[in-house]
Structures are given as structure tokens and as C-alpha cells.
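The values are calculated or read from the model by the stated rules, or taken from the named source; none is laboratory data. Note that the coordinates shown come from a computational prediction; the quantities given were computed from them, not determined experimentally. FYI the Cβ positions are ideal-geometry reconstructions off the backbone, even for glycines, and counts take in every protein chain you see. For accessibility, only protein heavy atoms count, side chains too; no ligands or nucleic acids. Shrake-Rupley method; radii C 1.70, N 1.55, O 1.52, S 1.80 Å.
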Protein chains: 2
Amino acid sequence: MTPRFDLAIIGATGSVGETLVQVLDEREFPVGELHVLAGAESAGRTLSFKERNLRVAAVEGFDFSRVRLVFFAAHPSVTLAHIDKALAAGCQVIDLSGALPSTQAPRVVPEVNASVLDGLVAPYQLSSPCAPAVAVAIVLAALREQVEVRRLTVTACLAVSSRGREGVAELARQTAELLNGRPLEPRLFEQQMAFNLLAQVDAPDEQGHGVLERRVGEELKQLLALPDLPVSTTCLQAPVFFGDSISVSLQAAGPVNMEAVLAHLASSTVLEYVEPKDFPTVVGDAVGQDVPYVGRVRGGIDDPTELNLWITSDNVRKGAALNAVQLAELLIKHYL
Amino acid sequence: MTPRFDLAIIGATGSVGETLVQVLDEREFPVGELHVLAGAESAGRTLSFKERNLRVAAVEGFDFSRVRLVFFAAHPSVTLAHIDKALAAGCQVIDLSGALPSTQAPRVVPEVNASVLDGLVAPYQLSSPCAPAVAVAIVLAALREQVEVRRLTVTACLAVSSRGREGVAELARQTAELLNGRPLEPRLFEQQMAFNLLAQVDAPDEQGHGVLERRVGEELKQLLALPDLPVSTTCLQAPVFFGDSISVSLQAAGPVNMEAVLAHLASSTVLEYVEPKDFPTVVGDAVGQDVPYVGRVRGGIDDPTELNLWITSDNVRKGAALNAVQLAELLIKHYL
């Protein structure tokens, strides 16, 4: 009989947390007891899992010795508040919040750097990278043999679902107000989000870089094992409900063999390649899918070492929940 | 008494054409007779100018000897169909369509390369560059003393007004249908435009580059007098009504002095600089304005020669109509 694992999901009522519950079910993860945890204000709500109703409990006071594996899918501060208790109780940890340093919880995308798991020591801790890093890393790793990346420029247009359910509701509300000709008081977002593009998704630091922008660059370098790769990242908030759209321009170490790149992308199983003339969009090709979509694959106009790509990906699914469950599957296979 | 000039606007009923009429009025351009021309299907409509009503006439059969200056603001094919007649009649020409080669009609933005006018020979022909090139060129030219650009990556998110009035109407229609839960049949755009990002704005060529993407690169090289500059351009269609949002990442010849860059941008009169923490958007800061807005000015995280910028600009106004009228003013001052 397959062993079953008792799990906890912290942040279970968020959109990533709910998708985690759904993906565990879809992939028939060998779940024993599933504890769905959240802030005290969400305790008592129910989530359905395998035709059962799970009651959401408060993460405060949870006895981590009841589970073997914990998904941290809430705010980084929640991870930091509870990680020591989880580790002291001997839990394995998969962090989706980005709170843990990569020396403690290496960033892993199974299609990119699963070999990182070989070097882990107990208690096993892994981080699921941020959604844009997952998508870009999968595509660049698939092209590893064809393109030696020397410089990377990433412009990531994030869906409002990156701000959770409130982001989705607020874009819908603003859009309806404007279409009805009513004056708009933006909430949640700093400026009008409907029919507008916002140039940042979180507060910039002294140098002007946002938290997510730094995270994308650091995680890509770790995932691709290119610690010295210069990465320029700009994260925009787009008036799109679900899915990330990412424009990538890179410089390779030498002239890019476009024929080899296109042939390799077309035959890859870890991504969906969209032929020229057509192109992927989040609405048509990314949301609900398990792999990133890649199109508009172009060399440089002026520079034979340049490669340009357009990537769309489900930020909640492969960008977070699905990748985290895949990491849990790897952990089980390796160690549990 | 100031001399007055008889003018023709071809494409007068489009959004750029109508804005041309408006800007000529606002800036008190010394207009004598103003002929507003369009395709036969629009002939007979009226446009208001200086409290008069102008009757739109068909461009077919227009006698170009009646005017001294012609604005071509329709499709490139219309420019190509009528340019020879206009030149044969001795007209000066300002082309907004991009149809004429830069050897014939150099690209000019007054804030960037007005000195090009010194070398013109009659009949004088100038091109007003495409909107993203105008905005980016103004900003980079303002930083000419501070930053020697060696490589440029431009991701331009275009408003649907770049597709004219039909683009605006179609985004509104799609949005209303979706908010009302009705099924959507996209028109005009290749895919759903509402709550989505489209990865191209026109048909790509054999190498995958769109017409506008090539135009942005070529025009920037000409405007900045950097013929060998490698430029990577991606043009996206965003669910935004008016105004272009442009993310720029560049490499300079040496380390960027950020202090000097910020100080210079803050004191520039040809653009509006937005301090860190805040950032410009098309809705809040670009539409209806005569200058581009620049914000999110950041160095590189990994590379001291990198500079990142976010630019918003009114694509119909400074990106087209206003710049074209400014070119006409320069022509008059120099030659007429």
C-alpha cells in the first residue's frame, strides 16, 4: 500500500492555497490528513477536497508535529513567524512565499534543476520560485544546449490575480465603474488599474527595484546555475485577470542558430511552442495550463547573438501551486 | 502681417487627422486655407476648425497646387498613391505614415535632431516618426551627455487607439460583453483584446519582426544618429484606450552615473520626470500632454552600465499630430 502523508497548507484560503488543494487532488498526491490553515479571520470556513469538506483552522497554535510536510503559501511574514516551529517539529517545508533564503530552501523547478534535491539534508526545505522566474527558467533551461545566455532582459506583465482575489475583484469593479461612466476611487492598487498599466507591482527599494524584480533576477540565476548572469527585470501590473505575459530579450555567447532553437522548442515537452504568425496569450493559451507557452521567437534585427521570446504562463498554477506540488512529489520520491 | 499657409491634411477624419486639426488651432499655426481630405467614403463629413466647419473632400482628384504644405496622416498606401502629385505641385510634405524612406523624408523630432533641417533641399519632405520612437528618442536625447547608449531593449505596450477609433470602440465593446457574461467574438484584433495582452500589433515578417517593431528600431537609430546601435523592440497591444507605455532597458558605454542622470531628467524641459516611489501611467500622466513622462529610473542590479526607464506618452498627440505640427513650424521658420 502506498504510504500517505499528513500535510498542512498555510494560506489555504488564498487563491494559491485553494489551487494547491485542487492540484493535490488532481494529481492524486498520497495525502493522509490535510490541514488547511489560515489567519484567524478565515478560520471556520470550509474547503472541499476529494468530496470532503475541510474546515479551515487558524495557523496560530497549530501543532506542527501532526504533519510531515508543510506548504507555506501565505505572506512571507507568516512563513517567518512559523518556520522554526515547523522545522522543530521535523516537518519538511515547501515555501511559496519567497521568505526563506536560497541557502536554506533552494529554489527548484523540476524541469530545470531537480538535481538540487540530491544535495539536501534533513529537514528538507525547498522554495517554489515566483511565477515569472518559473516560466522563464523552464524556457531557457529547455534551450540550454542551443543558447548560452550572457545577458537577460525580462519585462513581466503580471495579472491582477498576483494580488490575490482582491486584485481580481478590484479590476472588475473599476472596469464596471468606468464603463458606467462613474468616477473612480482606486482601491488596493496605487492608481487606476482598469484600462491602464502600472509600472511597478510593489514598493521599490532605495535603488528603485521592487521586491519581485529582485526576486525574479536572483531566482533565475539560481535556477539556471548562472550566478554571474546580468538580469534586468521590470514587473508591470496589467489589467488582465489571470496569467503572466513575459517579454524576454537575451544575448547569447555567440550567434543564435534560430533553426535549432525553433526545432528544439517545437519538440520540447516541458513547454508549448506557438508557431510564428500566431502567438500565445494568457486568455487563450496560458490560464489553466500546466506548461508555459512560448511564441514570437525572433533573432535580433541588428545582432546575431540576440534572441527574443514571448512567454505566457498560469501564474497561480505552474507559477505557484502546481510547481509546489511537483516539488513535494520529488521530495517524497527522494527522501520520505 | 504674418504670412499664412494653405494646407492639406490627408486622413483628416482619423484620430491623428482630427488631432492635427485641433493642434493647428491650439498652436495658432498661420493657416490660410485648410483642406481636410480623406477617402471617398468620408467625403462630405465636417470638421470644426476655428469656429468654422470644414467640409471633408475626397483626396482622389484633389488639386495639390492649391496648397503649400501637405500632412499625410492616412495609411502608408495612401501616401504612396499621392506623394508624386503633391511633390510635382511643389508642396512641402510632412509624412506621418512611415511610407517614405528616410533618405527622402528624414525622421525628425524637434527636441532631438532639428539640425537635420539645415541640410534639406526643396521640395522639403519630413517624416514624423512612430509614437514609441518619438517618446524614447526624446528621453535618450535628453540624456545624451550623461549616457552613451550601446544597446537598447524597448518593450512598447500600445494603446488600442494606435488602431484608430475602431480600436477604441472594439475594446469598449469587448469589455462590456465580457462584464455582462456574454460570449465574445473578437473583431479587428486577432484575439480577445479585453483583459488580455497581445504579443504583436501587426503581421510579422519572415524573421518574426513586425512592421512597427522594425520602424521603431530604424527610426531610433536615425533620430539618435547612432546607425550601428543594436535595438531589440517588442510591440504589444495592451487593453488601454489611449497612450503608450514603454519599458526601456539600455547598456551604456560605461558605468551610469545615476545621480547625474536623475538630476538631468529632473531639470529637463522636454520631458516630465516622475520621482521614485511614484510612477507615471498613461491614464494619469500621459494622455493630453505635450511631453513624455519618465519614471522608474533605475540602474542595473548586476551591471553598472545598465539603465532602466519607464516612459508614458500620448501616442496620438506628441507621438503623431503635435510632432508633425512642430515639424511644420520648423519648416516655415527655415524655408517658407
Any residue in region B:266-285 that is farther than 30 Å from A:Gln174 by Cα, of a type in the set (A, V, I, L, M) and in contact with a Pro (Cβ under 8 Å, 6 or more places away or on another chain)?
-> no
Go through (1) within 14 Å of another protein chain (Cβ to nearest Cβ); (2) buried (at least 16 other Cβ atoms within 10 Å of the Cβ); (3) part of a loop (DSSP other than H, G, I, E, B) and name the single condition B:Ala105 misses.
-> (1)
Qualifying positions in region A:305-323 - open to solvent by less than 10 Å² (accessible area, probe 1.4 Å) and within 17 Å of A:Val154 (Cα to Cα) | A:Glu306, A:Leu307, A:Asn308, A:Leu309, A:Trp310, A:Ile311, A:Thr312, A:Ser313, A:Gly319
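Tell me whether region B:117-129 contains one or more residues that are closer than 18 Å to B:Gly17 by Cβ, in contact with an Asp or Glu (Cβ under 6 Å, 6 or more places away or on another chain) and open to solvent by less than 10 Å² (accessible area, probe 1.4 Å).
Yes.
Looking at this structure, is B:Asp25 in contact with a strand residue (DSSP E or B) (Cβ under 8 Å, 6 or more places away or on another chain), of a type in the set (Asp, Glu) and touching a residue at least 40 places away in the same chain (Cβ under 8 Å)?
no
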All but one of (1) modelled with pLDDT of 95 or more; (2) over 27 Å from A:Trp310 (Cα atoms); (3) more than 10 Å from chain A (Cβ to nearest Cβ); (4) surrounded by 18 or more Cβ atoms within 10 Å (Cβ to Cβ) hold for B:Val270; which doesn't?
-> (4)
Residue satisfying all of: in region A:192-202; more than 9 Å from chain B (Cβ to nearest Cβ) and open to solvent by 10 Å² or more (accessible area, probe 1.4 Å); nearest to B:Phe195 (Cα to Cα) among these | A:Val201
A:Gln326: passes all of (1) at pLDDT 95 or above; (2) open to solvent by less than 10 Å² (accessible area, probe 1.4 Å); (3) in a helix (DSSP H, G or I) but (2)
Which of the following residues is out of contact with any helix residue (DSSP H, G or I) (no Cβ under 8 Å at 6 or more places or on another chain) and either at pLDDT below 95 or farther than 25 Å from B:Ser247 by Cβ (or both): A:Leu96, A:Leu80, A:Leu117?
-> A:Leu80
Can you tell me which residue within region A:80-133, out of those that are β-branched (Val, Ile, Thr) and over 30 Å from A:Thr155 (Cβ atoms), is farthest from the chain's Cα centre (by Cα)?
-> A:Val121
In the set A:Asp290, A:Asp302, the lone residue that is in contact with an Asp or Glu (Cβ under 9 Å, 6 or more places away or on another chain), open to solvent by 10 Å² or more (accessible area, probe 1.4 Å) and either part of a strand (DSSP E or B) or within 17 Å of A:Val139 (Cα to Cα) (or both) is A:Asp290
Residues (more than 10 Å from every other protein chain (Cβ to nearest Cβ), open to solvent by 20 Å² or more (accessible area, probe 1.4 Å) and either within 23 Å of B:Val231 (Cβ to Cβ) or touching a Phe, Trp or Tyr at 6+ places or on another chain (Cβ under 8 Å) (or both)) located in region B:150-167 | B:Arg150, B:Ser162, B:Arg163
Evaluate the following for A:Ala225: is it under 20 Å from A:Leu271 (Cβ atoms), in contact (Cβ under 8 Å) with a residue 24 or more places away in the chain and surrounded by fewer than 16 Cβ atoms within 10 Å (Cβ to Cβ)?
-> yes
Restricting the search to region B:130-146, which residues are part of a loop (DSSP other than H, G, I, E, B) and buried (at least 23 other Cβ atoms within 10 Å of the Cβ)?
-> B:Cys130, B:Leu143
So which pairs qualify, if the first residue must be in region B:319-331 and under 14 Å from B:Val291 (Cβ atoms), the second must be assigned to a helix (DSSP H, G or I), the Cβ gap must be under 7 Å, and the two must be at least 6 apart or on different chains?
-> B:Gly319/B:Ala131; B:Gly319/B:Val134; B:Gly319/B:Ala135; B:Leu322/B:Val23; B:Asn323/B:Val134; B:Gln326/B:Pro110
Picked from region A:77-102 (must be out of contact with any strand residue (DSSP E or B) (no Cβ under 9 Å at 6 or more places or on another chain) and assigned to a helix (DSSP H, G or I)), the residue farthest from A:Gly17 (Cα to Cα) is A:Ala88
Boolean, A:Phe71 is open to solvent by less than 30 Å² (accessible area, probe 1.4 Å) and either part of a loop (DSSP other than H, G, I, E, B) or aliphatic (A, V, I, L, M) (or both) | no
Failed condition for A:Val216, given (1) open to solvent by less than 20 Å² (accessible area, probe 1.4 Å); (2) hydrophobic (A, V, I, L, M, F, W, C); (3) touching a Lys or Arg at 6+ places or on another chain (Cβ under 9 Å) | (3)
Taking A:Val297, is it closer than 19 Å to B:Asp202 by Cβ, open to solvent by 10 Å² or more (accessible area, probe 1.4 Å) and facing chain B (nearest Cβ under 8 Å)?
-> yes
With the checklist (1) crowded, with 22+ Cβ neighbours inside 10 Å; (2) facing another protein chain (nearest Cβ under 8 Å) in hand, flag the one item B:Val256 doesn't pass.
-> (2)
Answer yes or no: is there a residue in region A:180-191 that is buried (at least 16 other Cβ atoms within 10 Å of the Cβ), touching a Gly at 6+ places or on another chain (Cβ under 6 Å), within 21 Å of B:Val274 (Cβ to Cβ) and not assigned by TED's automatic domain parsing to the domain that holds A:Pro110.
-> yes
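Conditions (1) at the interface with another protein chain (Cβ under 10 Å from one of its Cβ atoms); (2) of a type in the set (Val, Ile, Thr); (3) not in a strand (DSSP E or B), marked per residue:
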| residue | (1), (2), (3) |
| --- | --- |
| B:Pro204 | yes, no, yes |
| B:Gln207 | yes, no, yes |
| B:Glu219 | no, no, yes |
| B:Ala225 | no, no, yes |
| B:Asp228 | yes, no, yes |
| B:Thr233 | yes, yes, no |
| B:Leu236 | yes, no, no |
| B:Phe241 | yes, no, yes |
| B:Leu250 | yes, no, no |
Inspect all residues belonging to region B:317-336 and state whether any of them is within 10 Å of another protein chain (Cβ to nearest Cβ) and of a type in the set (Val, Ile, Thr).
-> no
Any hit, region A:172-189, residues being more than 13 Å from chain B (Cβ to nearest Cβ) and touching a strand residue (DSSP E or B) at 6+ places or on another chain (Cβ under 9 Å) | no
Name every residue in region B:273-284 that is crowded, with 22+ Cβ neighbours inside 10 Å and either without any contact (Cβ under 8 Å) to a residue 40 or more places away in the chain or in contact with a strand residue (DSSP E or B) (Cβ under 6 Å, 6 or more places away or on another chain) (or both), in order of residue number.
-> B:Val274, B:Phe279, B:Pro280, B:Thr281, B:Val282
